[in-house]
Structure formats: structure tokens, C-alpha cells
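Engineer: Dropping the structure in here first, questions after.
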Amino acid sequence: MHSSCPHAFGRAGVNAVNNGSGREGSRQHPRTAPAPAQLHLDSLTVTTGYHHGRLRDEMIRIGLELAAEGGSDAVGIREITRRAGVSPAAAYRHFRDQQELREKVAREIDRMLSRDLEAAVSSTHGTARDKLLAAGNAYFDFAFANPQLFAHLNNGFSPAQDGSVFDAFVEVVHALGVEQLGHAPALERSRELSVALWSAGHGFCVLVTTGALKDLDDETKYHLREVTITNVVNGLDFT
């Protein structure tokens, strides 16, 4: 992709689409970015301060702060232990190496994002399709508001096996299959279509946060978000 690609999506292009008769054109797009996520680590024993015997949790908490400040490269044992007030050697009593520590930080970000998706789904009244669109929008909103945390999600753990974000998508996609077929589809089919949905949505979020489309104005990003999510969801076919 050429570096000039983002300029193909100017305001004129957005207006041209919005003036049409499609579903996407009827929606007002937010003009301000969503607020960054609060680093409330509900799954951890310690949320503030270091207490004896809980260094592992405190290191993960500090790792989240560093990831929010500077992305994956900022999450290092030396800086984390410095902020925790312990020696670097103490970290290796709790983590095999720096990569394992980064994976644990990524797991906490995954849980934060999953809570956002679940909240979006539970607060949306309507069909499974409506709930799936809400989940997709929430995924984008998290990435857009927290680009450094979102980038750290790519850091090594296997969400397709045990990731709560993937599980959240599978649950709603499975409900969509029930709507389409009138009965529960095979779980494996729901998982396959969830991978397709997640791949498209995640790839788009990478493009607009750190990739070739990151310099687009916010209105254009929100418009393209809706185009992407709507068309991907409409293309999920259980038949």
C-alpha cells in the first residue's frame, strides 16, 4: 500500500457516501474520541500500591501503566521493578522472563476490552445482529481511545484458545446463527465466522491506530468503522 493511500479518504469522499441511500450514510458519527480506558484491574488482587507477597500483581499493574504510556516496548522488567521499588532479580521469582510478564499484561488488556464488549452487548436491545454491531463498535472505540494498550494485545498470548475477547465474539456470532437458521449452528462454524469477523475488525483497528490510515480525521475513521463493521457482519452466513 502506498503511503499516499490515506488521502484517498478525504471529507469529500465521506460526504459522497453519506449523501447516498445506504445504511451507513444515515448515522451521525462522533466528532470526539472516546475516553481512554481506566486501568482498574478487577482481576488482580492489588490495584494500587505494593504490599508484601503481592509483587506479581503490582508488577502487572505497573506494566499496564507503561503499556499505556509507550506501548509494548515500554514494558520492561528493569523499569517495572524500579517503579515497584525492588531489584530486577525479584521479578524472576514470579515470571519466567520479560516475555511472560508482557503476556500477563496483554491478558489484563484483553479482560478490559472484553468487559467493554460485554457492556456494549448487554446494553443493546434488539437482534443478535444489533448486538454484534455494538460489539464491533466497542472494539474500535477501545482501540481508538487506547492505541498503545491495543497495540500490546498483539504481544504473544493465544486468544483463540483462551482469550475472553474471542469468547465474547463467539457468543454473539453463535446467537446470530440461531437467528439465521432457526436453530443452534455447529459451534465450530460459529468459531470460524468469529475468526473472520475478528480478523477484519482487528485489522481495520490496526490500520487506523498505527497503520496506513492513522492520519485520517476522526470523522472519516468513524465512517469507515461503520462501513467495515456493517459489511462484515452482513456477510456472516451460516447457511
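Engineer: Multiply the residue gap between D97 and Q180 by 0.36 nm, knock off their C-alpha separation, and tell me the result in nm, one decimal place.
Structural biologist: Stretched out fully, the D97 to Q180 stretch lengthens by 25.2 nm.
Engineer: Moving on. Using mean Cβ contacts within 10 Å as the protection proxy, how do 64-74, 136-146 order, highest first?
Structural biologist: The densest-packed peptide leads the list: 136-146, 64-74.
Engineer: Given the Cα-Cα distance of N154 and E65 and 0.36 nm per residue of separation, how much length would full extension add, in nm?
Structural biologist: Full extension of this stretch gives 30.4 nm more.
Engineer: Average projected area of the Cα convex hull of the stretch 97-149, in nm²?
Structural biologist: 3.8 nm²
Engineer: Also: Can you tell me the dipole magnitude for the stretch 90-239 around its Cα centre, using point charges on the Cβ only (Lys, Arg +1; Asp, Glu -1), in Debye to the nearest 20?
Structural biologist: 340 debye
Engineer: If one puts a single equal scatterer on every Cα of the stretch 177-239 and applies the Debye formula without solvent, what log₁₀ I(q)/I(0) results at q = 0.17, 0.21, 0.22 Å⁻¹?
Structural biologist: Taking Cα atoms of the stretch 177-239 as identical point scatterers yields -0.64, -0.82, -0.86.
Engineer: When averaged across all projection directions, what area in nm² does the alpha-carbon convex hull of the stretch 135-239 cover? Could you put the intermediate results ahead of the total?
Structural biologist: Working: hull surface 26.4 nm².
The number I arrive at for the stretch 135-239 is 6.6 nm².
Readers should treat all values here as calculations from the given coordinates under stated rules, not as data from a laboratory. The structure presented is a predicted model; accordingly, all values stated were derived computationally and were not measured. Because the Cβ atoms are built from the backbone with ideal geometry, glycine has one as well, and the counts that use them run over all protein chains shown.
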